[in-house]
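Undergrad: A single structure is presented below for examination.
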Amino acid sequence: MKPGATIFRVFLLSIILSGWTVAAWAEEPPVMPGESLQKAQPPGLQGQPPAEMNDIHDIKPLQPFPGGHTRLFIAGAVLVLLAMAAIVWWWIHRRRKREDPETVMPALPPEESARRALAELSDIERIEGRKFYFKLSLILRRYIHHRFDVGAPEMTTEEFLPVVDRLNMSTDLGRQLKAVLRRAEPVKFAGETATENTMRSDLDFAHEFIDTTTRSTHAVEADTGNTGTPATAEAG
């Protein structure tokens with residue numbers, strides 16, 4: 001058993017025992033004022049009625065002291081605080097576990113992440129055109145951001161199009177990419193209708209774009225590793 005799990009079980013058990021203790025304390029009968037006065041009398045006078053006093057009149061009978069309600073309130077507050085402490089402890093423990101390098105899953109390569117996202121767009125017949133192009137544009141921008149270290153997701157289309165010309169890809173591939181991004185704009189923001197054939201064609205291009213640039217990047221990395229100097233590769 002892991003140490004963290006053992007500590008949590010001990011902590012939870014202590015909370016349960018504390019709750020039982022507080023609940024038992026809250027169920028104790030309240031002390032009547034008359035009872036405390038009677039206990040305070042001298043031993044010889046206990047059990048005897050107090051001497052009659054003629055100079056005091058109209059004394060109201062003793063009323064029960066509402067100690068039970070106060071105890072229940074305090075007990076409830078203590079239990080709530082204990083529960084909150086348990087939740088906070090669990091949240092902190094879970095957050096530390098997530099941040100533990102041994103438990104953090106390695107990030108997927110950009111091409112693998114993009115391909116998984118594109119797979120969710122494969123059922124074109126069931127996806128509305130505006131939603132399709134919003135997702136497709138975002139997938140391409142995120143892939144380009146991770147592949148070429150460009151802040152594509154934060155740029156507008158007009159800002160991003162000139163950047164495409166500076167990316168390490170063939171002129172034809174860059175031209176097709178800009179055409180897809182331009183075609184997506186009126187569908188996303190002007191309510192223009194997109195046909196299924198166009199959507200499927202742009203989805204096929206996204207797959208081709210990712211495959212081509214991935215091969216190009218790997219070729220550059222291989223040449224760099226072999227020669228020790230960076231190489232410029234264009235995908236044709």
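Rule-based calculations on the coordinates, nothing more; no lab input. Keep in mind the model is a prediction, meaning the values are calculated, not measured. No Cβ is skipped: glycine too gets one built from the backbone with ideal geometry, and neighbour counts run over all protein chains shown.
Undergrad: Ordered by residue, what ³J(HN,Hα) values in Hz, to whole numbers, does the range 111-123 give under the Karplus form 6.51 cos²θ - 1.76 cosθ + 1.60, where θ = phi - 60° and Gly and Pro are x?
TA: 5, 5, 4, 5, 5, 5, 5, 5, 4, 6, 9, 5, 7
Undergrad: Turning to a different aspect of this structure: Suppose each label sits 7 Å from its Cα in the direction of the beta carbon; what would the residue 171-residue 222 distance come out to in nanometres?
TA: 2.7
Undergrad: I've got another one for you. Once label points are set 7 Å from the Cα along Cα→Cβ at both residue 92 and residue 158, what is their separation, rounded to one decimal in nm?
TA: Taking the simple label geometry, residue 92 and residue 158 are separated by 5.1 nm.
Undergrad: Now for a separate question. Enumerate the calculated ³J(HN,Hα) couplings along the range 151-160 in order (Karplus 6.51 cos²θ - 1.76 cosθ + 1.60, θ = phi - 60°), each rounded to whole Hz, writing x wherever the residue is Gly or Pro.
TA: My calculation for the range 151-160 gives x, 4, x, 8, 8, 6, 4, 5, 6, 7 Hz in order.
Undergrad: Just name one of 191, 173, 160: the one whose Cα is farthest towards the positive end of the charge dipole of the range 110-227 (beta-carbon charges, Lys/Arg +1, Asp/Glu -1).
TA: It is 191, whose Cα lies furthest towards the positive end.
Undergrad: For the range 118-138 and the range 172-186, write down the distance between their C-alpha centroids in whole Å.
TA: Cα centres, the range 118-138 to the range 172-186: 16 Å.
Undergrad: Quick check: net charge around residue 183, other residues with Cβ under 11 Å of its Cβ, Lys/Arg +1 and Asp/Glu -1?
TA: Numbers: positive: 178, 182, 188; negative: 185, 192, 202.
That sum, taken over residues with Cβ under 11 Å, equals 0.
Undergrad: Continuing with the same structure: Which distance in nm do the two modelled labels at residue 134 and residue 77 give, with both placed 7 Å along the Cα-to-Cβ direction?
TA: 4.8
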